[in-house]
1. Every residue in segment 216-260 that is free of Cβ contacts under 8 Å to residues at least 40 places away in the same chain and closer than 21 Å to residue 193 by Cβ, please.
2. Test residue 239 against the criterion of being under 30 Å from residue 135 (Cβ atoms) and out of contact with any helix residue (DSSP H, G or I) (no Cβ under 9 Å at 6 or more places or on another chain), and give yes or no.
3. Looking at this structure, is residue 142 over 30 Å from residue 64 (Cβ atoms) and in the same structural domain as residue 254 (by TED's automatic domain parsing)?
4. Restricting to strands (runs of 3 or more DSSP E) lying wholly in segment 87-191: which have 2 or more residues that are more than 30 Å from residue 285 (Cα to Cα)?
5. Tell me the residue from 38, 11 that is in a helix (DSSP H, G or I) and under 30 Å from residue 151 (Cα atoms), please.
6. Output the number of the condition that residue 50 fails; it satisfies all remaining conditions of (1) more than 28 Å from residue 139 (Cα to Cα); (2) in contact (Cβ under 8 Å) with a residue 12 or more places away in the chain; (3) exposed (fewer than 14 other Cβ atoms within 10 Å of the Cβ).
7. Quick one: in segment 262-271, which of the residues that are outside any strand (DSSP E or B) and touching a strand residue (DSSP E or B) at 6+ places or on another chain (Cβ under 6 Å) is nearest to residue 93 (Cα to Cα)?
8. Among 276, 253, which is the only one that is in the same structural domain as residue 95 (by TED's automatic domain parsing) and either in contact with a strand residue (DSSP E or B) (Cβ under 6 Å, 6 or more places away or on another chain) or over 19 Å from residue 144 (Cα atoms) (or both)?
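The values are calculated or read from the model by the stated rules, or taken from the named source; none is laboratory data. This one's a predicted model, so the numbers in the text were calculated from it and none came from an experiment. Every residue, glycine among them, receives a Cβ derived from its backbone with ideal geometry; neighbour counts consider all protein chains shown.
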């Protein structure tokens, strides 16, 4: 009885309304509504605020949803395992990534290892990727810096140099490599404050006692590349994160340690699941992490 009520509660919480929850469960809307009300009535609690057709979780509802996320996630995983037991690994494997770069090589290698699988990738913000991992929407994720949540296992994947982006017509474009002092006083297009490449660049500037002139803050690598190409300023990006264009050169800085890291992560509780473990092993085989 409680299992059915909790199942309906979780579906409504996940989908934000009774209609979508009923469709997901294959039940009628009155049945889902009745089961949620029965759960609230049995324990004399309020789990949702009703706002028209929307169902918004109360504080108690949010706490309960954190628990049912685990229950529902493990149940879906169990069903998937049973369905694939006789025919080998098949079906979906969902990966969240905070960047479209680097993850594709890993997905290609994983798909070649398990051709019956259908890898599905979603590129989201870091916050969305981490929350999706915690509520079982993603089997594994790729993120930059280590996620400190104790429920998450972080596995080092790649360490990449941060390169300086220079317009092709700029005098520095004739160099094969730069020194930090070459950048002193020059205009730069910056990434947003949460960017790991920006943090690495600013740390190197401070260490060298070099000051550049920020002229603009942009949200994406691609817009920075275009700004550099138009001569608005120099820029920076992690190696391999930009498609090369004739108008922009990416040059290393030989007297500075500038790098960003990426990690493959999964739930600690799922790290030994066969497919998740296989994904981590595939990532390890491609990793270039040193130190």
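1. 216, 217, 218, 219, 220, 221, 222, 223, 226, 227
2. Answer is no for this residue.
3. Taking the combined requirement at face value, the residue does not satisfy it.
4. Working: elements: 91-97, 117-123, 140-143, 152-167, 187-191.
Result: 152-167, 187-191.
5. Answer to the check: 11.
6. (2)
7. 271
8. Going through 276, 253 in turn, the sole match is 276.
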